[in-house]
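One structure is given below, encoded as structure tokens.
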Amino acid sequence: IEDARLLVRRDRAGHVHVGGLDLAARAGVSSSDEAATLDWLFSQDEIVLRRGAVRWIDEQRQAPALELGDVDVVLRNGLRSHDMRIDATPPAAWGDRFTLLARARQPLFSYAGDWRRWTGTFYADLPRGDVAELKRYMNLPFELAGGRGSLRLWLDFQNDHWRSATADVQLGGVALRLAPDVEPLAIAHAGGRLTASRDPAGVSVSAEHFGFETDDGIAWPAGDLRLSWQQRQRSVVVKMGRRADVSHARDTALAGSAEPAPPASAPGVGGGRLPWDDEEPVTGGALSADHLDLALMRRLAATLPLPPVARKWLADYQPEGVVRRLDAHWSGPLAAPSVYRVSAAVDGFALAAGAIPEGARNGRPGWRNANVTVDADERGGTAHVALDGGAIELPGVFEEPVIPFDRFAATAAWKIQPARVGGQPPAIQVALDDVRFANADADGELQLKWNSGPDAAAPAAAAASRFGRGRRFPGAIELKGVLAHARAARLARYLPQQGLDMTRRYVAAAFSNGALDNVRFEVRGDLAGFPYQRQHDGEFRIDGHVSGVDLDYVPGALGADGTRAPSQWPAFTQVAGRIVLDRGALEIHDAAGRMGELRLHDVDGGIKSLYEQPTLALRGQVSG
């Protein structure tokens, strides 16, 4: 057929008219004639239309008429195969000439025209098109305004439903809103491959070499990402009547299950609904990526249709860094999975510290500029951490919560053991091994073990709290390490804030300069009882050598403006010896130094208790 002119119209009631024939009326009145016509059409060896024209009028949308010119159509049918190709030229404002291809196979022992039971692939090639024009003629699962680009689309279908779709896209100057409750996103340029697939159990979406740049300069480098989730897909109701429907129902019955409807997140379906908004619960999933910029995700969070748990995590933790490898699997709800496995590597990782909960001593730790590799599941995990030029923030632990590091490296391991009694929280164990650190104040190494408390019975007044002696938090600690070198004037900075106010203030005022070497420290016991004033509460000991230290053993009074008055007692200078801080006692051993013109040596003594009336008692030799 050459030079054919065809008018296709949709009236206000939604009925489609082709060449003046109401297809809806024909389907309802003469279904047998329609089936016979389709059988005849798809039984011909070849049908070709050349240099045709199609005019599309949509009265329901009240959109301007769309004219397609120079339309070429080729339909070839085999015994069970059907191939079709359409080439057409849209108006100049729309874009360039495009191509549509379809290749399908019909089931064995089925009618040629029973197209609802076909399985095949649809392909579209739109080398250049105007996105705004597209919006005027079809429904989209998101709001779209402006932009131009190109598209290549592969769509696999089966039994009148899509199974998987792959699109190569290049877009520019696009403004879109991905969901009703997110902000618009203006994209200067975007490109890559997008893929989606579904089956009765769930949905999978992925992006390959996909990247974009927004109008305000946010550039997302091209990378790969894959997300899948298990979510039972809704089933369609099979209507009986026409021969195609009968055949479809017969195959459905033979298969033993109803054909699933498109998921709520599928393109063009569900009005922009997201999987976590659907009535059917998400029961598991997987996420993998080779490049995720956490800072960019946080900046773009308001424009992305993220699940609520992800939005809360981004707001609370304010993450930064680049995830260069991520592989995660989980079963159960995303907010509280019953089983999960995460493997990841993050460069320049930063997490904000958390506020101190009511009744607790410490807040959630934070850090910045860390390189981390982690492998974890619901039973525990391991991690390797390096903070070169980074910092750790420990709210409530130290008076200065942020500790900067020139170098820091550690291996962490943790275990989570389910409670033996139902309804009780799990027991947690954490171990830090091979910890090596250095900054302007000290360099050394340590080992740490921590475990949550047994959650033993508490007095009635404290029963409502999870924090306290014998309770789940702050738990028990076993810490030991050594400082190869440290500044004596900064020793107080690393004394914990809780329970050591007097000690910390005294040490800060007493030691003004000098160095500490080979300082060994140990902390052991329930953290709720720190600093263990009684021997049976636990151990807290710092033992090391000092040199070149000035010791103002009776510091002057501290004024309201933060300045300290001169001491009324002569200070010790150039002190060298061994200093021990054992719980609340300060011990001095084998010390030597000066007091004005006097020289001191073989000095021993100290302060028995910094918590009661502190008295300094020394024994030694004086000359000069």
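Worth a mention:
- Yes/no for Ala360 being buried (at least 16 other Cβ atoms within 10 Å of the Cβ) and under 30 Å from Gly529 (Cα atoms): yes
- Only listed residue being at pLDDT 85 or above, out of contact with any strand residue (DSSP E or B) (no Cβ under 8 Å at 6 or more places or on another chain), surrounded by fewer than 14 Cβ atoms within 10 Å (Cβ to Cβ) and among the small types (Gly, Ala, Ser), chosen from Ala25, Ala13: Ala13
- Conditions (1) open to solvent by less than 40 Å² (accessible area, probe 1.4 Å); (2) under 30 Å from Gln230 (Cβ atoms); (3) out of contact with any Gly (no Cβ under 9 Å at 6 or more places or on another chain); number of the one not met by Phe349: (3)
- The range 562-593 - residue that is open to solvent by 30 Å² or more (accessible area, probe 1.4 Å) and within 51 Å of the chain's Cα centre (by Cα) and, of those, farthest from Tyr506 (Cα to Cα): Arg578
- Residue among Ala286, Ala302 that alone is at pLDDT 90 or above and either in a helix (DSSP H, G or I) or open to solvent by less than 40 Å² (accessible area, probe 1.4 Å) (or both): Ala286
One line per residue, one yes/no per condition, for (1) outside any strand (DSSP E or B); (2) open to solvent by 20 Å² or more (accessible area, probe 1.4 Å):
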site: Ala188; (1), (2): no, yes
site: Gly192; (1), (2): no, no
site: Ser197; (1), (2): no, yes
site: Val205; (1), (2): no, yes
site: Glu208; (1), (2): no, yes
site: Phe212; (1), (2): no, yes
site: Asp216; (1), (2): yes, yes
site: Ala222; (1), (2): no, yes
site: Leu225; (1), (2): no, yes
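- The range 153-174: number of residues that are open to solvent by less than 40 Å² (accessible area, probe 1.4 Å), farther than 21 Å from Phe98 by Cα and either polar (S, T, N, Q) or in contact with a Pro (Cβ under 6 Å, 6 or more places away or on another chain) (or both): 2
- Which numbered condition Ser547 fails, given (1) open to solvent by 30 Å² or more (accessible area, probe 1.4 Å); (2) under 44 Å from the mean Cα position of the chain (by Cα): (2)
- Filter result for His384 (farther than 25 Å from Asp434 by Cα and part of a strand (DSSP E or B)): no
- The range 72-117 - residue that is in a loop (DSSP other than H, G, I, E, B), open to solvent by less than 50 Å² (accessible area, probe 1.4 Å) and among the small types (Gly, Ala, Ser) and, of those, farthest from Ala132 (Cα to Cα): Ser110
- The set of residues in the range 326-346 that are open to solvent by 60 Å² or more (accessible area, probe 1.4 Å) and not in a loop (DSSP other than H, G, I, E, B) comprises Asp327, His329, Val339, Tyr340, Arg341.
- All of Arg361, Arg379 fail the test of being charged (D, E, K, R) and touching a Pro at 6+ places or on another chain (Cβ under 7 Å), apart from Arg361.
- When residues of the range 118-147 are limited to those that are at pLDDT 90 or above and farther than 24 Å from Arg55 by Cα, the one surrounded by the fewest Cβ atoms within 10 Å (Cβ to Cβ): Thr119
- Residue match in the range 556-573 (condition: assigned to a loop (DSSP other than H, G, I, E, B) and touching a residue at least 60 places away in the same chain (Cβ under 8 Å)): no
- Here Gly559 meets each of (1) touching a strand residue (DSSP E or B) at 6+ places or on another chain (Cβ under 9 Å); (2) open to solvent by less than 40 Å² (accessible area, probe 1.4 Å); (3) farther than 23 Å from Ala438 by Cβ with one exception, condition (1).
- If only residues of the range 46-66 that are open to solvent by 50 Å² or more (accessible area, probe 1.4 Å) and within 47 Å of the chain's Cα centre (by Cα) are counted, the one that is nearest to Ala112 (Cα to Cα) is Trp56.
- Here is the figure for the range 598-624: residues that are polar (S, T, N, Q) and open to solvent by 70 Å² or more (accessible area, probe 1.4 Å) total 3.
The values are calculated or read from the model by the stated rules, or taken from the named source; none is laboratory data. Everything numeric in this text was worked out from a predicted model, so none of it was measured. Using ideal geometry, Cβ is built from the backbone for each residue, glycine included, and neighbour counts are taken over all protein chains shown. Side chains included, ligands, DNA and RNA excluded: accessible areas come from the protein's heavy atoms. Shrake-Rupley method; radii C 1.70, N 1.55, O 1.52, S 1.80 Å.
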